[in-house]
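Asker: Sharing a structure with you now.
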Amino acid sequence: MKSAKLYQFPRHGRSGSIPIVYYEDSFNTQTGAIKTNTIAGWKRIVPWIIGLVWLSLALFWPLLNWLVAMDVVFQFLRALYYSSTPAIHATLQASLHGVL
């Protein structure tokens, strides 16, 4: 692997000599280069998605909490209604809804 040749950028105006760049040095010969554009894109998108999910949960939490409570009550009443029927496993479903 060749070492890179570094050329000093002129600080004041043009200089009389122009640095010579060889043909082999003008190409990037490093293998496995990291694509910084995709990483930078993900670093901007991921916090935005997390913030959007957090905002939606915060706004809809009372509604979700109420819906889950109504589902548990409905499953409990269903389990009481079907408690004497052996073919329907309403008690198991009601207990799973209550736990989850």
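Asker: Confirm whether Leu67 is in a helix (DSSP H, G or I), free of Cβ contacts under 8 Å to residues at least 40 places away in the same chain and more than 20 Å from Gly98 (Cβ to Cβ).
Answerer: For Leu67, the condition - in a helix (DSSP H, G or I), free of Cβ contacts under 8 Å to residues at least 40 places away in the same chain and more than 20 Å from Gly98 (Cβ to Cβ) - is not met.
Asker: Now, a different point. With respect to the numbered conditions (1) modelled with pLDDT under 70; (2) assigned to a helix (DSSP H, G or I); (3) among the aliphatic types (A, V, I, L, M), which one is the sole condition not fulfilled by Leu55?
Answerer: Every condition holds for Leu55 apart from (1).
Yes/no per residue for (1) aliphatic (A, V, I, L, M); (2) modelled with pLDDT of 60 or more; (3) in contact with a helix residue (DSSP H, G or I) (Cβ under 9 Å, 6 or more places away or on another chain):
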| position | (1), (2), (3) |
| --- | --- |
| Thr29 | no, no, no |
| Trp61 | no, yes, no |
| Trp66 | no, yes, no |
| Met70 | yes, yes, no |
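Asker: Only one of (1) surrounded by 12 or more Cβ atoms within 10 Å (Cβ to Cβ); (2) out of contact with any helix residue (DSSP H, G or I) (no Cβ under 6 Å at 6 or more places or on another chain) fails for Gln75. Which number is that?
Answerer: All conditions pass for Gln75, except number (2).
The values are calculated or read from the model by the stated rules, or taken from the named source; none is laboratory data. What you see is a predicted model; the values in this text were computed from it and never measured. So basically every Cβ, Gly included, is an ideal-geometry build from the backbone, and we count neighbours across all protein chains shown.
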